[in-house]
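Only one structure is covered here, and it is reproduced in the block below.
The values are calculated or read from the model by the stated rules, or taken from the named source; none is laboratory data. Computed from a predicted model, the values in this text were never measured in an experiment. Every residue, glycine as well, gets a Cβ built from its backbone with ideal geometry; the counts of neighbours run over all protein chains shown. Side chains included, ligands, DNA and RNA excluded: accessible areas come from the protein's heavy atoms. Shrake-Rupley method; radii C 1.70, N 1.55, O 1.52, S 1.80 Å.
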Amino acid sequence: MSRLSLSAAADGREFRNALGCYATGIAVVTLRTPPGDLLGLTVNSFNSVSLAPPLVVWSLSNASSFLAAFEASEYYAINVLAADQRELSQRFASRTEDRFGGLALDEGLGGAPLLPACCARFECRNATRHAGGDHVVFIGEVERFDYREGEPLIYFGGAYRQLAA
Ligand SMILES: Cc1cc2nc3c(=O)[nH]c(=O)nc-3n(C[C@H](O)[C@H](O)[C@H](O)COP(=O)(O)O)c2cc1C
């Protein structure tokens, strides 16, 4: 069913549905706090911004319990999930106490944990932050990265998907 000229302010549910038409990947953004705690959350707001300098973007809810830690951190890592990592997406979006339990982590810049078996991992300097309504927009400068062959996890219409053959 399509309707024209809905009001984004008045039709919040419809606005979310329309945004869900834009298929994304799924990433887990991680950091290590100065005392050594590991934090990470699932996002689908990740995207590329610039090649030279190498910049990426993602946004964090103003209501997130991680906001102060991400605003203060010099580095964070962005882990792009593979098609078979749906469980990690759910784990890093849930109330799970130890989100990193049982994972064979690598250590990125600033101690940010790098998750195993991801499609790509970007180690970012926390370059700039901008107020963006009910989110804070983070622009990261990628200092190191790695990637591998393989299918990504897809998010579309509020559900996980996989690439068709
Ligand atoms: C598919 C998916 C995409 C998400 N994308 C974002 C996002 O881009 N930004 C954000 O702040 N939260 C996003 N979330 C929600 C966070 O993962 C979730 O609120 C967070 O892990 C909760 O942690 P907390 O309650 O300890 O703050 C997303 C969740 C899911 C399942």
Practice problem: Calculate for the chain the 222 nm mean residue ellipticity that helices alone would give, adding -39,500 (n - 2.57) per DSSP H run of length 4 or more and normalising by residue count, nearest 500 deg cm²/dmol. | Solution: -3000 deg cm²/dmol
Practice problem: Pop the C-beta distance of residue 104 and residue 33 into the FRET formula with R0 = 22 Å and round what comes out to the nearest 0.05. | Solution: 0.60
Exercise. Normalising by the residue count of the chain, find the relative contact order in percent from Cα pairs under 8 Å and 6+ residues apart.
Key: 27
Quiz item: Short version: ³J(HN,Hα) in whole Hz for each residue of the range 35-41, in order, from phi by Karplus 6.51 cos²θ - 1.76 cosθ + 1.60 (θ = phi - 60°), x for Gly and Pro, what are they?
Solution: x, x, 6, 9, 10, x, 9
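How high is the FRET efficiency from residue 10 to residue 130, r the C-beta distance, R0 25 Å, rounded to 0.05? Show your work: numbers first, answer last.
Working: r = 26 Å, r/R0 = 1.03.
Rounded to the nearest 0.05, the efficiency is 0.45.
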Self-check item: Karplus-derived 3J(HN,Hα), 6.51/-1.76/1.60, for each residue of the range 156-165, Hz, glycine and proline x
Solution: 8, x, x, 9, 6, 9, 10, 5, 6, 5
Practice problem: Sort the chain into rounded, prolate or oblate with this rule: let a ≥ b ≥ c be the square roots of the eigenvalues of the Cα gyration tensor; rounded if a/c is under 1.5, and if a/c is not under 1.5, prolate when a/b is larger than b/c, oblate otherwise. | Solution: prolate
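What percentage of the solvent-accessible surface of the chain, computed with a 1.4 Å probe over protein heavy atoms, is contributed by carbon and sulfur atoms? Write down the numbers at each step before the final one.
Details: 5200 of 9720 Å².
Its accessible area is 53 percent carbon and sulfur atoms.
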Practice problem: Rounded to whole Hz and in sequence order, give me ³J(HN,Hα) for the range 18-32 from the Karplus expression 6.51 cos²θ - 1.76 cosθ + 1.60, θ = phi - 60°, writing x for Gly and Pro. | Solution: 5, 4, x, 6, 8, 5, 10, x, 10, 10, 10, 9, 10, 8, 10
Quiz item: Shape call for the range 84-165 from the C-alpha gyration tensor, a ≥ b ≥ c root eigenvalues: rounded (a/c under 1.5), prolate (a/b greater than b/c) or oblate?
Solution: rounded
Self-check item: Exposed trypsin sites (Lys or Arg not before Pro) absent: longest stretch of the chain, with sites in DSSP loops and at most 12 other Cβ within 10 Å deemed exposed
Solution: 4-94
Quiz item: Over the heavy atoms of residue 137, what accessible area does a 1.4 Å probe trace out, to the nearest 10 Å²?
Solution: 40
Self-check item: 123, 149, 107, reordered so the largest accessible area comes first (probe 1.4 Å)
Solution: 149, 107, 123
Quiz item: Going by the alpha-carbon gyration tensor, a ≥ b ≥ c the square roots of its eigenvalues, is the range 47-90 rounded (a/c under 1.5) or, if a/c is not under 1.5, prolate (a/b greater than b/c) versus oblate?
Solution: oblate
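Once you have the Cα-Cα distance between residue 86 and residue 164, take 0.36 nm times their residue separation minus that, and quote the gain in nm to one decimal.
Details: separation 78, 0.36 × 78 = 28.08 nm, distance 1.65 nm.
That works out to 26.4 nm of additional length.
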Quiz item: Between residue 156 and residue 68, what is the spin-label point distance in nm, taking each point 7 Å from the Cα along the Cα→C-beta axis?
Solution: 4.1
Quiz item: Once amide H atoms are placed 1.01 Å from N in the peptide plane, what residues at a sequence separation of 5 or more from residue 145, or on another chain, have their amide H within under 5 Å of its amide H?
Solution: 123
